[in-house]
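Working notes, structure below.
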Amino acid sequence: MFTGIISKNSKVQNVKKNKNRMLLEIVNNLGKVKLGESIAVNGVCSTVRKLNKNIAFEYMPETLKLSNLGSTQKGDTVNVEQSMRLGDRLDGHMVLGHIDQKGRIINITKEGNSRVFEVEIPNKKYNKFLVYKGSVAVEGISLTVAKVLKYSFLVKIIPFTLENTNLRQKKKGDFVNLEFDILAKYASR
(Lines give C-alpha, C1' and ligand atoms only; values in the text may rest on other atoms or scores of the structure.)
Protein backbone atom coordinates (compact mmCIF):
# COMPACT_ATOMS: atom_id res chain seq x y z
CA MET A 1 0.00 0.00 0.00
CA PHE A 2 1.09 3.57 -0.70
CA THR A 3 0.13 7.03 0.51
CA GLY A 4 0.16 8.96 -2.75
CA ILE A 5 2.85 11.28 -1.38
CA ILE A 6 5.49 11.15 -4.11
CA SER A 7 8.96 10.80 -2.62
CA LYS A 8 11.01 11.14 -5.80
CA ASN A 9 10.95 11.55 -9.54
CA SER A 10 13.12 9.26 -11.62
CA LYS A 11 14.24 9.21 -15.24
CA VAL A 12 13.43 6.30 -17.50
CA GLN A 13 16.70 4.75 -18.70
CA ASN A 14 15.39 1.99 -20.92
CA VAL A 15 12.13 0.56 -22.28
CA LYS A 16 11.79 -2.81 -24.04
CA LYS A 17 8.36 -3.81 -25.35
CA ASN A 18 6.72 -6.62 -27.21
CA LYS A 19 3.07 -7.69 -27.40
CA ASN A 20 3.26 -9.75 -24.20
CA ARG A 21 5.25 -7.58 -21.81
CA MET A 22 7.28 -4.47 -21.19
CA LEU A 23 10.52 -4.04 -19.27
CA LEU A 24 11.12 -0.60 -17.77
CA GLU A 25 14.35 0.62 -16.19
CA ILE A 26 14.55 3.78 -14.09
CA VAL A 27 17.41 5.48 -12.28
CA ASN A 28 17.75 4.16 -8.72
CA ASN A 29 17.56 7.36 -6.68
CA LEU A 30 15.54 5.80 -3.83
CA GLY A 31 18.45 4.52 -1.79
CA LYS A 32 18.02 1.04 -0.31
CA VAL A 33 15.78 -1.09 -2.53
CA LYS A 34 15.33 -4.87 -2.49
CA LEU A 35 14.46 -7.39 -5.21
CA GLY A 36 10.74 -8.13 -5.08
CA GLU A 37 9.92 -4.85 -3.32
CA SER A 38 6.79 -2.96 -4.38
CA ILE A 39 7.35 0.54 -5.74
CA ALA A 40 4.65 2.72 -7.27
CA VAL A 41 5.69 4.02 -10.70
CA ASN A 42 3.24 6.71 -11.87
CA GLY A 43 0.84 5.10 -9.43
CA VAL A 44 1.23 1.55 -10.74
CA CYS A 45 2.27 -0.97 -8.08
CA SER A 46 5.45 -2.40 -9.59
CA THR A 47 7.66 -5.26 -8.42
CA VAL A 48 11.43 -4.77 -8.51
CA ARG A 49 12.70 -7.41 -10.95
CA LYS A 50 16.35 -6.41 -11.27
CA LEU A 51 18.71 -4.08 -9.42
CA ASN A 52 21.98 -2.37 -10.28
CA LYS A 53 22.47 1.37 -10.75
CA ASN A 54 18.96 1.19 -12.19
CA ILE A 55 15.75 -0.47 -11.01
CA ALA A 56 13.97 -2.71 -13.51
CA PHE A 57 10.27 -3.64 -13.57
CA GLU A 58 8.30 -6.00 -15.81
CA TYR A 59 4.68 -5.30 -16.82
CA MET A 60 2.00 -7.60 -18.20
CA PRO A 61 -0.53 -6.74 -20.95
CA GLU A 62 -3.34 -5.93 -18.47
CA THR A 63 -1.23 -3.25 -16.78
CA LEU A 64 -0.25 -1.76 -20.12
CA LYS A 65 -3.90 -1.67 -21.22
CA LEU A 66 -5.16 0.11 -18.09
CA SER A 67 -2.24 2.47 -17.47
CA ASN A 68 -0.17 4.95 -19.46
CA LEU A 69 3.07 3.02 -18.86
CA GLY A 70 2.88 1.45 -22.33
CA SER A 71 3.60 4.85 -23.88
CA THR A 72 6.57 5.55 -21.59
CA GLN A 73 9.79 6.41 -23.41
CA LYS A 74 13.46 6.68 -22.51
CA GLY A 75 14.09 10.05 -20.84
CA ASP A 76 10.55 10.43 -19.44
CA THR A 77 10.11 11.46 -15.82
CA VAL A 78 8.10 9.12 -13.61
CA ASN A 79 6.76 9.54 -10.08
CA VAL A 80 8.04 6.92 -7.63
CA GLU A 81 7.00 6.00 -4.11
CA GLN A 82 8.17 3.10 -1.99
CA SER A 83 5.46 1.13 -0.20
CA MET A 84 4.38 2.01 3.32
CA ARG A 85 5.87 0.20 6.24
CA LEU A 86 4.00 -0.61 9.42
CA GLY A 87 4.10 2.50 11.61
CA ASP A 88 4.54 4.99 8.74
CA ARG A 89 2.40 8.11 8.68
CA LEU A 90 -0.48 8.16 6.21
CA ASP A 91 -0.07 11.70 4.88
CA GLY A 92 -2.11 11.23 1.69
CA HIS A 93 -4.76 8.52 1.43
CA MET A 94 -4.74 4.74 1.00
CA VAL A 95 -3.44 4.08 -2.50
CA LEU A 96 -3.13 0.48 -3.65
CA GLY A 97 -1.32 1.00 -6.95
CA HIS A 98 -4.11 -0.76 -8.82
CA ILE A 99 -4.88 1.60 -11.70
CA ASP A 100 -8.56 1.72 -12.67
CA GLN A 101 -8.11 3.48 -16.00
CA LYS A 102 -6.31 6.21 -17.90
CA GLY A 103 -7.84 9.65 -17.87
CA ARG A 104 -7.15 12.36 -20.44
CA ILE A 105 -6.25 15.89 -19.37
CA ILE A 106 -8.77 18.08 -21.17
CA ASN A 107 -7.85 21.42 -19.64
CA ILE A 108 -5.18 23.06 -17.49
CA THR A 109 -5.79 26.57 -16.16
CA LYS A 110 -4.07 28.89 -13.69
CA GLU A 111 -5.79 29.88 -10.48
CA GLY A 112 -3.61 32.14 -8.36
CA ASN A 113 -0.43 30.20 -7.62
CA SER A 114 -2.01 26.83 -8.44
CA ARG A 115 -2.97 24.88 -11.57
CA VAL A 116 -6.39 23.38 -12.13
CA PHE A 117 -6.39 20.12 -14.08
CA GLU A 118 -9.61 18.87 -15.65
CA VAL A 119 -9.39 15.14 -16.26
CA GLU A 120 -11.84 13.24 -18.45
CA ILE A 121 -13.16 9.91 -17.18
CA PRO A 122 -13.40 7.59 -20.22
CA ASN A 123 -15.32 4.84 -18.39
CA LYS A 124 -18.23 6.66 -16.74
CA LYS A 125 -18.86 3.84 -14.25
CA TYR A 126 -16.01 5.29 -12.17
CA ASN A 127 -17.69 8.68 -11.80
CA LYS A 128 -19.64 7.34 -8.79
CA PHE A 129 -16.38 7.01 -6.84
CA LEU A 130 -15.68 10.74 -7.02
CA VAL A 131 -17.02 13.16 -4.44
CA TYR A 132 -16.31 16.81 -3.75
CA LYS A 133 -13.34 16.98 -1.34
CA GLY A 134 -12.81 13.23 -1.69
CA SER A 135 -9.56 11.57 -2.70
CA VAL A 136 -8.28 10.41 -6.06
CA ALA A 137 -4.80 9.29 -7.15
CA VAL A 138 -3.57 10.84 -10.40
CA GLU A 139 -0.18 9.49 -11.57
CA GLY A 140 0.09 8.03 -8.07
CA ILE A 141 -0.35 11.45 -6.42
CA SER A 142 -2.91 11.72 -3.64
CA LEU A 143 -5.15 14.63 -4.65
CA THR A 144 -8.37 16.21 -3.42
CA VAL A 145 -11.29 16.37 -5.85
CA ALA A 146 -12.22 20.04 -6.32
CA LYS A 147 -15.28 19.45 -8.49
CA VAL A 148 -17.10 16.52 -10.06
CA LEU A 149 -18.55 17.11 -13.51
CA LYS A 150 -20.65 14.78 -15.69
CA TYR A 151 -17.71 13.27 -17.61
CA SER A 152 -14.69 14.73 -15.82
CA PHE A 153 -13.37 16.06 -12.54
CA LEU A 154 -11.14 18.92 -11.36
CA VAL A 155 -8.10 18.79 -9.09
CA LYS A 156 -6.14 21.85 -7.97
CA ILE A 157 -2.38 21.41 -7.85
CA ILE A 158 -0.35 23.46 -5.36
CA PRO A 159 3.09 24.74 -6.46
CA PHE A 160 5.01 22.19 -4.34
CA THR A 161 3.19 19.24 -5.94
CA LEU A 162 3.58 20.72 -9.41
CA GLU A 163 7.33 21.24 -8.94
CA ASN A 164 7.98 17.81 -7.39
CA THR A 165 5.96 15.48 -9.61
CA ASN A 166 5.69 14.72 -13.31
CA LEU A 167 2.52 16.85 -13.50
CA ARG A 168 4.81 19.81 -14.28
CA GLN A 169 5.43 18.24 -17.71
CA LYS A 170 1.85 17.24 -18.47
CA LYS A 171 -0.18 19.12 -21.06
CA LYS A 172 -3.67 19.10 -22.48
CA GLY A 173 -4.35 15.79 -24.26
CA ASP A 174 -1.90 13.74 -22.14
CA PHE A 175 -3.12 10.59 -20.42
CA VAL A 176 -2.70 10.11 -16.68
CA ASN A 177 -3.17 7.05 -14.49
CA LEU A 178 -6.24 7.13 -12.26
CA GLU A 179 -6.95 5.14 -9.11
CA PHE A 180 -10.23 5.91 -7.44
CA ASP A 181 -10.52 5.88 -3.65
CA ILE A 182 -10.67 2.32 -2.28
CA LEU A 183 -13.00 3.38 0.54
CA ALA A 184 -15.49 4.76 -2.03
CA LYS A 185 -15.27 1.47 -3.93
CA TYR A 186 -15.97 -0.59 -0.80
CA ALA A 187 -18.84 1.69 0.23
CA SER A 188 -20.35 1.37 -3.26
CA ARG A 189 -19.95 -2.40 -3.27
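The values are calculated or read from the model by the stated rules, or taken from the named source; none is laboratory data. All values reported here derive from a predicted model rather than from experimental measurement. FYI the Cβ positions are ideal-geometry reconstructions off the backbone, even for glycines, and counts take in every protein chain you see. Side chains are part of the model used for accessible areas, which takes the heavy atoms of the whole protein and leaves out ligands, DNA and RNA. Shrake-Rupley method; radii C 1.70, N 1.55, O 1.52, S 1.80 Å.
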- Message: Given the options D100, D76, name the one that is over 20 Å from E37 (Cβ atoms), touching a Leu at 6+ places or on another chain (Cβ under 7 Å) and in contact (Cβ under 8 Å) with a residue 40 or more places away in the chain.
- Response: D100
- Item | Some residue of the range 49-64 being open to solvent by 10 Å² or more (accessible area, probe 1.4 Å), more than 18 Å from the chain's Cα centre (by Cα) and aliphatic (A, V, I, L, M) | yes
- Message: Out of V33, V15, I need the residue that is part of a loop (DSSP other than H, G, I, E, B), over 23 Å from L143 (Cβ atoms) and β-branched (V, I, T). Which one?
- Response: V33
- Message: Filter the range 108-152 down to the residues that are small (G, A, S) and surrounded by fewer than 19 Cβ atoms within 10 Å (Cβ to Cβ) and list them by number.
- Response: G112, S114, G134, A146
- Note on the structure: Exactly one of E62, E81 is without any contact (Cβ under 8 Å) to a residue 40 or more places away in the chain and among the acidic types (D, E), and that residue is E62
- Item | Qualifying positions in the range 14-31 - under 14 Å from N52 (Cβ atoms) and open to solvent by 70 Å² or more (accessible area, probe 1.4 Å) | none
- When both residues are 6+ apart or on different chains and their Cβ atoms are under 9 Å apart, which pairs have a first residue that lies in the range 1-26 and is at pLDDT 95 or above, and a second that is among the aromatic types (F, W, Y)? M22/F57; M22/Y59; L23/F57; L23/Y59; L24/F57; L24/Y59; E25/F57; I26/F57
